[in-house]
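The values are calculated or read from the model by the stated rules, or taken from the named source; none is laboratory data. Remember, it's a predicted structure, so these values are computed and weren't measured experimentally. Note that we place each Cβ from the backbone using ideal geometry, even for glycine, and neighbour counts take in every protein chain shown. Protein only, heavy atoms only, side chains kept; ligands, DNA and RNA dropped before computing areas. Shrake-Rupley method; radii C 1.70, N 1.55, O 1.52, S 1.80 Å.
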Amino acid sequence: MALKAINPTKTNAWKKLSQHFLEVKDCQIKQWFIEDAERAERFTVGADDFYFDYSKNRITTETMSLFKELIEEVDLNDAISKYFSGDIINKTEHRSVLHTALRAPQGTDLMLEGVNIIPEVTTVKDKIKSFSNGIISGALRGATGKAFTDIVNIGIGGSDLGPAMIVDTLQYYKNHLTMHFVSNVDGDHVNETLKQLNPETTLFVVVSKTFTTQETLSNANTIRSWFLESQLEKSVEKHFVAVSSNIEKVRDFGINEANIFPMWDWVGGRFSLWSAVGLSISLSIGYSNFLSLLDGAHDMDTHFKNETFETNIPIIMACLGIWYNNFFQFESEAVLPYSQYLNQFATYLQQAIMESNGKNVDRSGDRIDYQTSSIVWGEPGTNSQHAFFQLLHQGTKIIPSDFIAFAKPLHGNKDHQDKLMSNFFAQTEALMNGKSKRQVSQELEQQNISETLKNQLRNYKVFEGNRPTSTLLINKLTPHSLGKLVALYEHKIFVQGVIWNIFSYDQFGVELGKELAGKILDDFSSSTAGSHDSSTTKLIDYYKKLR
Ligand code: F6P
């Protein structure tokens with residue numbers, strides 16, 4: 001059964017939220033802390049190694065109880081049970097959305113069109129296990145008998161961002177294999193990578209759910225040609241494997257069936273790192289760590305399915321996002337990990353969030369007249385403090401932000417960790433409290449500068465504050481906690497899509513540009529350019545002269 005189609009803005013809860021918004025929109029978070037000694041406790045949720053404090057948001061208990069009414073009115077519970085049980089919730093592509101099944105524990109049953117899909121999932125996991133064990137141990141070798149030293153993941157979008165982000169984030173847990181990710185059709189990307197490789201000791205993992213993606217096939221073909229410059233055709237089978245749901249197309253490419261790791265159409269590309277798309281993860285950190293990642297995600301699935309509204313972290317995060325996006329009309333949100341390991345996290349989330357919820361047609365097929373996905377961006381702190389935090393503190397835009405940190409550093413450097421964490425806590429406090437004109441004046445009074453200068457500087461040094469943040473403090477970065485973190489955002493995406501009454505799991509918006517690129521590519525080799533506007537025609541002509 002499909003998801004219900006309920007326009008959120010027509011619900012009673014939405015109307016009440018609109019009214020409530022007018023009452024609280026100018027209130028100061030810091031004032032609420034003064035009035036309510038229990039505020040931090042009231043708006044904090046613990047989930048084992050996760051501590052989520054959302055008290056520094058522009059919310060009251062009434063805000064949250066109105067959101068509770070909203071999720072009841074849009075029947076989130078019904079949507080959750082359809083999501084986990086494999087109903088066709090991706091209606092426009094007529095598919096289930098079952099990345100959660102990939103991390104379900106062994107022995108679980110999940111029936112899809114009369115077939116239990118878990119045994120199939122287990123078979124692929126076993127294949128990932130034995131293959132990665134073989135490559136890591138050196139039992140599986142290249143065609144000339146040498147052990148593999150380098151792995152190249154060739155894919156783009158969900159076939160790149162997920163594995164690339166996890167491999168980079170979990171580099172502390174990695175083995176001796178050097179990982180590379182080639183994604184862009186920009187030939188300089190693949191050539192820079194090839195420069196670093198010895199074909200005799202490199203394994204290429206071609207990852208494409210559809211196996212029709214221009215970037216991936218171009219890169220895979222270029223790499224195979226480079227490989228064949230020095231190696232024999234029959235060596236290809238020992239050096240190229242593929243992950244795909246399109247077995248026929250992989251065979252056409254020249255990779256034999258034994259070297260294919262299948263995936264299914266019920267796994268969306270941007271949620272596929274838990275499938276065989278995660279082969280590079282398993283190769284980099286070993287299969288047991290890959291399993292821990294999956295277990296962590298499963299723990300978050302359980303949390304999401306079982307916790308009530310008040311203690312359900314993904315639901316709370318989703319509601320906060322909607323509060324700012326649809327009521328305050330803040331257009332973007334930042335994800336700010338205080339961990340260099342999470343360097344690629346915001347990039348990964350950009351696809352997961354914006355490809356899913358950047359939609360303008362609702363589940364009844366009608367044009368939407370309210371906001372959907374906000375714009376997501378971010379960089380690790382403390383680097384970002386020296387880049388865009390000026391805007392967060394004193395810009396004219398308000399950017400609600402998620403601050404994420406791990407309490408225990410992996411290399412045990414307490415001195416650095418305390419400095420990192422002091423910044424982490426200071427920023428959310430500063431963003432909320434700001435600095436008033438009075439405080440600025442008092443500080444200026446202490447300074448040995450002229451009255452004229454004091455008057456000139458006063459306004460520039462004021463921080464308005466009242467900028468909302470949520471804090472997620474996790475005990476330690478492990479494969480398990482990272483799995484939990486990624487699944488947390490996946491479920492936030494799901495809840496927001498349900499509330500916004502959109503289909504989160506298709507991506508028709510990426511098609512138009514692809515189609516036009518195909519036509520323009522033909523124009524390059526023809527003397528008569530196709531029909532374009534005069535700007536595009538001139539640009540193409542200019543390029544043709546230069547290339
Ligand atoms: O960008 C569109 C998209 O279809 C993504 O959803 C997907 O992750 C990516 O392209 C790659 O697709 P494939 O795995 O089929 O090559």
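Quick look at the values:
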| item | result |
| --- | --- |
| Failed item in (1) among the basic types (Lys, Arg); (2) closer than 26 Å to GLN28 by Cα; (3) assigned to a helix (DSSP H, G or I), with LYS419 passing the rest | (2) |
| Residue among ILE502, ILE493 that alone is more than 19 Å from SER364 (Cβ to Cβ) and assigned by TED's automatic domain parsing to the domain that holds THR372 | ILE493 |
| Filtered residue count, the range 401-419, keeping only those that are touching a Gly at 6+ places or on another chain (Cβ under 8 Å) and over 14 Å from ASP53 (Cα atoms) | 0 |
| Residue list for the range 61-108, filter: outside any helix (DSSP H, G or I), at pLDDT 95 or above and either closer than 25 Å to ILE316 by Cα or of a type outside the set (A, V, I, L, M, F, W, C) (or both) | VAL74, ASP75, GLY86, ASP87, ILE89, ASN90, HIS94, ARG95, SER96, VAL97, LEU98, ALA104 |
| Residue check, ILE80 of a type in the set (Val, Ile, Thr) and in the same structural domain as ILE316 (by TED's automatic domain parsing) | no |
| Checklist (1) surrounded by fewer than 19 Cβ atoms within 10 Å (Cβ to Cβ); (2) touching a residue at least 40 places away in the same chain (Cβ under 8 Å) applied to PHE50, failing item | (1) |
| Long-range neighbours under 8 Å by Cβ, at least six apart or interchain, first residue of a type in the set (A, V, I, L, M) within the range 496-511, second near the ligand (Cβ under 10 Å from one of its atoms) | VAL510/GLU355 |
| Filtered residues of the range 499-538 (kept if aliphatic (A, V, I, L, M) and either within 33 Å of the chain's Cα centre (by Cα) or modelled with pLDDT of 95 or more (or both)) | ILE499, ILE502, VAL510, LEU512, LEU516, ALA517, ILE520, LEU521 |
| Some residue of the range 186-203 being among the aliphatic types (A, V, I, L, M), within 17 Å of LEU283 (Cβ to Cβ) and either free of Cβ contacts under 8 Å to residues at least 24 places away in the same chain or within 16 Å of the ligand (Cβ to nearest atom) (or both) | no |
| Near pairs, Cβ below 6 angstrom, 6+ apart or cross-chain, from the range 149-170 (in a helix (DSSP H, G or I)) to any residue that is open to solvent by 10 Å² or more (accessible area, probe 1.4 Å) and of a type in the set (A, V, I, L, M) | VAL167/MET179 |
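For every residue, the table says whether it meets (1) in a helix (DSSP H, G or I); (2) surrounded by 10 or more Cβ atoms within 10 Å (Cβ to Cβ).
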{"position": "HIS491", "(1), (2)": "yes, yes"}
{"position": "VAL495", "(1), (2)": "yes, yes"}
{"position": "VAL498", "(1), (2)": "yes, yes"}
{"position": "ILE502", "(1), (2)": "no, yes"}
{"position": "ASP506", "(1), (2)": "no, yes"}
{"position": "GLY509", "(1), (2)": "yes, yes"}
{"position": "LEU512", "(1), (2)": "yes, no"}
{"position": "LYS519", "(1), (2)": "yes, yes"}
{"position": "LYS545", "(1), (2)": "yes, no"}
